[in-house]
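Here's the structure we're looking at; comments come further down.
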Amino acid sequence: ELLELESLTTLDLSHNQITEMPSPPHRPRGDEVLWRLTSLDCSHNKLEMQPDIVRNLPCLTFLDISGNPVQSIDVNVLYMATNLVGLGIGGGTVSIGKEGLARSVGELSSLKHLKMASHVLGEEPWVMGIG
């Protein structure tokens with residue numbers, strides 16, 4: 001199975017009409033599958049929620065979920081991706097809650113690249129954390 005490729009570092013699943021990302025299988029020994037994965041591109045699919053698989057990817061540095069009908073992002077899951085350098089959420093109407101996008105994403109201390117092209121931010125000032 002694809003999720004059991006232990007040496008995989010880059011996984012591009014973009015443009016596949018995926019509706020949900022499966023969680024990696026649990027192994028009795030405690031070995032993590034995909035533990036070396038650094039880049040996960042799930043852009044331009046039909047995901048309505050962020051991939052929960054992120055919480056099991058300790059080496060992840062790049063996540064792209066742009067172009068999906070994702071309505072909200074659970075920042076607690078993103079905080080588990082402590083090495084996340086690049087995040088793509090553009091092309092949708094993603095909400096990260098009333099605490100504001102800037103404040104929520106700003107707490108991802110290693111984040112250097114935020115892709116928000118064609119993103120619908122809304123008109124409320126709290127969206128960018130200025131209210």
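For an R0 of 22 angstrom, estimate the FRET efficiency from the Cβ-Cβ distance between SER110 and ASP52 and round to the nearest 0.05.
For SER110 and ASP52, the calculated efficiency is 0.60.
Rank-order 7-16, 57-66, 77-86 by packing density, defined as the average count of other C-beta atoms within 10 Å over each peptide's residues, highest first.
Packing order, densest peptide first, comes out as 57-66, 77-86, 7-16.
Read-outs: derived from the displayed coordinates by stated rules, not from any lab. Keep in mind the model is a prediction, meaning the values are calculated, not measured. A quick note on method: Cβ atoms are made from the backbone with ideal geometry, for glycine too, and the neighbour counts reach across all protein chains shown.
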